[in-house]
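The values are calculated or read from the model by the stated rules, or taken from the named source; none is laboratory data. Keep in mind that this is a model prediction, so the values were computed, not measured. FYI the Cβ positions are ideal-geometry reconstructions off the backbone, even for glycines, and counts take in every protein chain you see. Accessible surface areas use protein heavy atoms only, side chains included; no ligands, DNA or RNA. Shrake-Rupley method; radii C 1.70, N 1.55, O 1.52, S 1.80 Å.
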Amino acid sequence: PEGEFADPHGGMLIGVVDGMPVTGGAFCRFDAQTAELKRVWTHRDHRRRGYARALLIALESEIALRGYTRVY
């Protein structure tokens, strides 16, 4: 739905390599303390290169900056 991942309660990150999206994920508010991860993916041709790990670290960092203390 429109706005589900919008500030201030949600967010979306896309990892790009050589101008092409290769990994991405989003989060939205589950409750006041919890963010819910959604739509996490890595293109099959780019797996096993650490992109998903880097994406999750970035998502967790952004989630913490928004004041959430838990991730679902």
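Filter the stretch 12-33 down to the residues that are surrounded by 14 or more Cβ atoms within 10 Å (Cβ to Cβ) and closer than 16 Å to residue 72 by Cα and list them by number. Explain how you work it out, then say what you get.
Let us first name the residues in the stretch 12-33 that are surrounded by 14 or more Cβ atoms within 10 Å (Cβ to Cβ), namely 12-13, 15, 22-30.
Once the filter is applied, which keeps residues that are surrounded by 14 or more Cβ atoms within 10 Å (Cβ to Cβ) and closer than 16 Å to residue 72 by Cα, the stretch 12-33 yields 12, 25, 26, 27, 28, 29, 30.
So which residues in the stretch 34-43 are closer than 20 Å to residue 64 by Cα and open to solvent by less than 100 Å² (accessible area, probe 1.4 Å)?
Narrowing the stretch 34-43 to residues closer than 20 Å to residue 64 by Cα: 34-40.
34, 35, 36, 37, 38, 40 - these are the residues of the stretch 34-43 that are closer than 20 Å to residue 64 by Cα and open to solvent by less than 100 Å² (accessible area, probe 1.4 Å).
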Q.
Being modelled with pLDDT under 95, surrounded by 15 or more Cβ atoms within 10 Å (Cβ to Cβ) and over 10 Å from the mean Cα position of the chain (by Cα): is that true of residue 46 here?
A. no
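Looking at the stretch 1-19 only, could you name the residues that are touching a residue at least 12 places away in the same chain (Cβ under 8 Å) and either out of contact with any Cys (no Cβ under 8 Å at 6 or more places or on another chain) or not charged (D, E, K, R) (or both)? Can you show your working first?
Here is the first cut: in the stretch 1-19, the ones touching a residue at least 12 places away in the same chain (Cβ under 8 Å) are 4-5, 8-13, 15, 17.
Selection gives 5, 8, 9, 10, 11, 12, 13, 15, 17.
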(Q) For the stretch 49-65, which positions are open to solvent by 70 Å² or more (accessible area, probe 1.4 Å) and either part of a strand (DSSP E or B) or not hydrophobic (A, V, I, L, M, F, W, C) (or both)? (A) 49, 53, 60
